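Written out below as structure tokens is the structure these notes cover.
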Amino acid sequence: MSRDEEIKIQGMPPNEWEGRKEKAHRARHDRYEFIDQFRGLCVLFLTFAWVTIQLGWNKLVPAILSHGFVFYNDEITTTWNWLQVDNYSYTWIDLGASLFMIIVGVTVPISFRSRAKKDGTGMALLRLFLRYPIFIGLQLFLDAMMKAPMSYQTVLLGQGAEGFMTRLGIGTVVAGLAAWLVKHVDRRFLLAVGIMAVQGVLYIMPGLQVFHYNAVNKEPLAWMGNSKFFDYYMIPFDAISYSALAIAGTCFWDWLDKDNVTASFKRRILPVGIYSWVACFVVCWFIPFSWMDASVTQDLLALGMVFFMLTLFFCMEQFFKYKIPYLSALGKNALILYIIGFLGWWLYMYLGLFNFVTPETAWLGLVLCTGLVVPVVLLAWVLDKNKIYWRF
């Protein structure tokens, strides 16, 4: 038997990972360690980002963790080609949300088809569409806790930094519909590429710059009149990007040939990862990185990152029989743990703990990160130990 024949995608059956539930209420699909490991890593990034984004505004974190705020100045704007942009408030940590959207897309075909097999396609579609209002509810909860200004743009379209949960809901629904309607995986991926291309073209059109999140000129266009509904965020650039990323995530899973895993990685997954980064290098000369609008450059960078990282975690599982401690537990309850991390941030704000971090005591930022991450990880471990998982 060749080494390639020995490589199999082996999941954990429902009776093992949901053993506490009655059989009728268990999920019908397996769990996959390499997916949970990477999803757990995303949750870890998003958890300590609650601290770094807060301290980043005051330039009290290492630059690489600062969301680019170390370099940001409200009074300085630059011209990039024909675009007016701010001075690149972007670092690697800003990939976290896009990575999470892709990994959600990877799992959508698994859960949707499992539900369709168990309860029928109609019920699977109903459950899929229900995710959108559920995510909106989570967004409203986060906005209320943060006392953030609410608008239809953030709540319904997921516009800007405050609309992350809504964007997840939009991307999840789009991914499920794409996996159901477009069976041919290569064509589905071309659909994702087409959506990115449309978003990129709209983004660089001079007449549409008013719709950028950080647009220099916020005056509405003449043809928009005095409308207060179709105003500055008429084009939800970030929601469009998340939809494309979610669709691309479904392609990762469907490209995996369960009987010939190595060939499927070579045929599609690794080339997509490589050429996404090549395309990112080319496109970034025309379209700047922007985590507020989730520009195409960020999409391509994130897409390559996810495909390579999933390959890495798969190889760690298959060849080295190694998994990073606690990441799987984090990945199995990703959303609820993200919200717990937010509640930790809220507690920090309520107690005024961020005020203790000054340029002379910048090292306290590490203490705050640790104080947030450790309880989240411990909770993940307890939930996993007791086979308690939140899914909807």
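Sort 104, 278 so that the residue with the fewest other Cβ atoms within 10 Å of its own Cβ comes first and the one with the most comes last.
Working: 104 25, 278 11.
Fewest-to-most Cβ neighbours within 10 Å comes out as 278, 104.
In order along region 40-55, phi translates into HN-Hα couplings of x, 5, 4, 4, 4, 4, 5, 5, 6, 5, 4, 7, 5, 6, 6, 6 Hz, rounded to whole numbers, per the Karplus curve 6.51 cos²θ - 1.76 cosθ + 1.60 with θ = phi - 60° and x for Gly and Pro.
Listing 374, 173 from fewest to most neighbouring C-beta atoms within 10 Å gives 374, 173.
Over all directions, average the projected area of the Cα convex hull of region 103-157 and note it in nm².
On the way: hull surface 18.2 nm².
If you wrap the Cα atoms of region 103-157 in a convex hull and average its projections, you get 4.6 nm².
For region 265-377, the residue among 355, 306, 338 whose Cα projects farthest onto the positive side of the dipole built from Cβ charges is 306. Averaging the Cα positions of each part gives two centres, and for region 94-121 and region 315-383 these lie 24 Å apart.
Sort 332, 118 so the one with the fewest other Cβ atoms within 10 Å of its own Cβ comes first. Write down the numbers at each step before the final one.
Details: 332 25, 118 14.
Listed from fewest to most nearby Cβ atoms, that is 118, 332.
In sequence order, region 295-300 has phi-based couplings of 5, 4, 4, 5, 4, 5 Hz under the Karplus curve 6.51 cos²θ - 1.76 cosθ + 1.60, θ = phi - 60°, and Gly or Pro positions carry x.
Each reported figure results from applying straightforward, stated rules to the coordinates on display, with no laboratory input. The shown structure was predicted, so the numbers you read here are calculated from the model rather than taken from an experiment. Glycine also receives a Cβ, built like all others from the backbone with ideal geometry; neighbour counts cover every protein chain displayed.
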